[in-house]
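Only one structure is covered here, and it is reproduced in the block below.
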Amino acid sequence: MQEYDIVIIGQGPAGLSAAIYTARAGMKTLVLGCDPKVAGEYDIDNYFGFPEAISGKELIGRGAAQAGRFGAVLRCDQALAVHFGDDGAYIVKTASGEYRGRALVLATGVSRKKPGISNIDEYEGKGVSYCVSCDGFFFKGARVMVAGEGVFAANQALELKEYTPDVAICTLGKKPDIGPEYLRRLELAGIEIIEKKIESLRGEGRLEAARFDDGAIREVRGLFIALGDASSLDFAYSLGVITRGVFIETDTEQKTNVPGVFAAGDCTGRYLQISVAVGEGAVAARSAIAYVREARQGAP
Ligand SMILES: Cc1cc2nc3c(=O)[nH]c(=O)nc-3n(C[C@H](O)[C@H](O)[C@H](O)COP(=O)(O)OP(=O)(O)OC[C@H]3O[C@@H](n4cnc5c(N)ncnc54)[C@H](O)[C@@H]3O)c2cc1C
């Protein structure tokens, strides 16, 4: 497993800004993620220092080059899960490997997709969960399903196998976007992929079954939502980071309630602008650098 001082999840303005500061301070830095939304051909008209506007793509490209110049490692790789390591560090599992970081900066922007299941709100906390590492334990031996079409959902389903043998994935009517390696792992684990939409959920007081759009009913005690890519919010759930709706709660130093975990940019839900993301990234970096230095001093 590769080891870093600081692992930053997100290669948007917040993550890259943080990386410029951490790498420049001599911290071994890894930045995960690719193709941020802003990195299109959109003209950014209101970012300081570009009177003729600059495209999102060029701005991000410049930020990435700058972080790279100071030694940050930029990897176009998707984080799937984050866990506590046994030595106070954090383990980030990605689509292609695992990395250990002494500190973690969450900067994935905000993307909370809700599945279009009519009465899902009634069952949240009563069978519907957004976090396998928080709630999987409560479904030991039960029949469960993961809703999602990507590698994130596949990884959640595989993690659920630690608790119960009866796991399926429902892609909510989408084509699976899982890739051959994870498809093979799912097959080996005996995880069925159901390509139907879920119309509604059923159960007296707690989840007992899902009704698909073709009228079929599948009995399930647990439904884990894992749409698209994992977001900072998903990582926050599994680490016990305090959230505020779809956003991550931080103090003015971008610290979360969990030591060594920082958050910056749109995922903190302040003013969703590049200038703010860049500023929060710098502050998160300063806090993460101080945290790592302190941890080093305390190390035997
Ligand atoms: C079309 C559009 C136009 C905009 N125009 C402006 C503008 O003119 N001015 C302005 O100030 N703001 C603008 N914004 C808002 C601005 O883009 C955001 O405020 C800013 O990009 C937030 O930066 P961020 O780093 O927090 O998140 P993002 O830019 O969203 O970056 C998030 C990063 O996280 C990565 N990521 C997500 N999930 C994972 C995962 N599981 N593993 C690894 N990486 C992951 C993504 O790939 C991406 O690299 C615009 C936004 C859009 C969509």
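Read-outs throughout are calculated quantities, based only on the coordinates presented, and are distinct from any laboratory measurement. Computed from a predicted model, the values in this text were never measured in an experiment. Using ideal geometry, Cβ is built from the backbone for each residue, glycine included, and neighbour counts are taken over all protein chains shown.
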- Return the sequence-ordered ³J(HN,Hα) values of the stretch 75-80 in whole Hz as given by the Karplus equation 6.51 cos²θ - 1.76 cosθ + 1.60 applied to θ = phi - 60°, using x for Gly and Pro. 10, 7, 8, 9, 6, 10
- Note on the structure: Restricting to aspartates and glutamates and to Cα separations under 17 Å from LYS126, and discarding same-chain partners fewer than 8 apart, the set is ASP135, GLU204, GLU208, GLU219
- What pairs from LYS113/LYS255; LYS140/LYS197; LYS28/LYS93; LYS113/LYS161; LYS93/LYS113; LYS174/LYS255 go past 29 Å between their alpha carbons? LYS174/LYS255
- How many angstrom separate the Cα center of the stretch 41-81 from the Cα center of the stretch 182-250? 33
- Query: Around TYR4, which amide H atoms from residues at least 5 apart in sequence, or from another chain, sit under 5 Å from its own amide H, with H modelled in the peptide plane?
  - Reply: ARG100, GLY101, ARG102
- What whole number of Å gives the distance from the Cα centroid of the stretch 1-38 to the Cα centroid of the stretch 270-296? 11
- Note on the structure: Here P(r) for the stretch 1-160, Cα-Cα distances in 10 Å bins, as whole percents, is 10, 31, 30, 20, 8, 1, 0
- Item | Cα-based equivalent ellipsoid, the stretch 178-300: semi-axes from gyration tensor eigenvalues, Å | 39, 19, 15
- Message: Counting other C-beta atoms within 10 Å, and keeping those with at most 12, which DSSP coil trypsin sites (Lys or Arg not before Pro) do you find in the stretch 173-212?
- Response: none
- Prolate/oblate/rounded label for the stretch 120-225 (Cα gyration tensor, a/c 1.5): oblate
- Item | Relative contact order (percent, whole number), the stretch 120-225, Cα cutoff 8 Å, 6+ residue spacing | 34
- Given backbone amide H placed at 1.01 Å from N, residues whose amide H is under 5 Å from that of VAL105, ignoring those fewer than 5 places away on the same chain, are VAL7, ILE8, ILE9, PHE262
- Note on the structure: Under the rule rounded for a/c under 1.5, else prolate if a/b exceeds b/c, else oblate, using alpha carbon gyration tensor axes a ≥ b ≥ c, the stretch 260-300 is classed as prolate
- Mind pulling the angle between the C-alpha long axis of helix 13-24 and the longest principal axis of the chain? Nearest 10 degrees, somewhere in 0 to 90. 50
- Between the helical axis of 151-160 and the dominant principal axis of the chain, each derived from Cα atoms, what acute angle in degrees is found, rounded to the nearest 10? 60
- Task: Determine ³J(HN,Hα), in whole Hz, for all residues of the stretch 259-268 in sequence, where each value follows from phi through the Karplus function 6.51 cos²θ - 1.76 cosθ + 1.60 and θ = phi - 60°; x replaces Gly and Pro.
- Result: x, x, 10, 10, 9, 8, x, 3, 5, 8
- Note on the structure: In Å³ per residue, the alpha-carbon convex hull of the chain encloses 140
- Ordered by number, the chymotrypsin sites (Phe, Trp or Tyr not before Pro) in the stretch 204-300 that occupy a DSSP loop and have at most 15 other Cβ atoms within 10 Å are TYR271
- Query: Kirkwood Rh over Cα pairs of the stretch 178-232 into Stokes-Einstein at 10 °C, 1.306 mPa s: D in µm²/s?
  - Reply: 120
- HN-Hα J in Hz across the stretch 59-69 - Karplus 6.51, -1.76, 1.60, θ = phi - 60°, x for Gly and Pro: 4, 5, x, 5, x, 5, 4, 5, 4, x, 4
- Note on the structure: Listed by chain and number, the residues whose amide H is under 5 Å from that of MET145, excluding neighbours fewer than 5 places away on the same chain and using placed H, are ALA168, GLY222, LEU223, PHE224
- Message: For the chain, what does the relative contact order come out to in percent, with C-alpha contacts under 8 Å and a separation of six or more?
- Response: 22
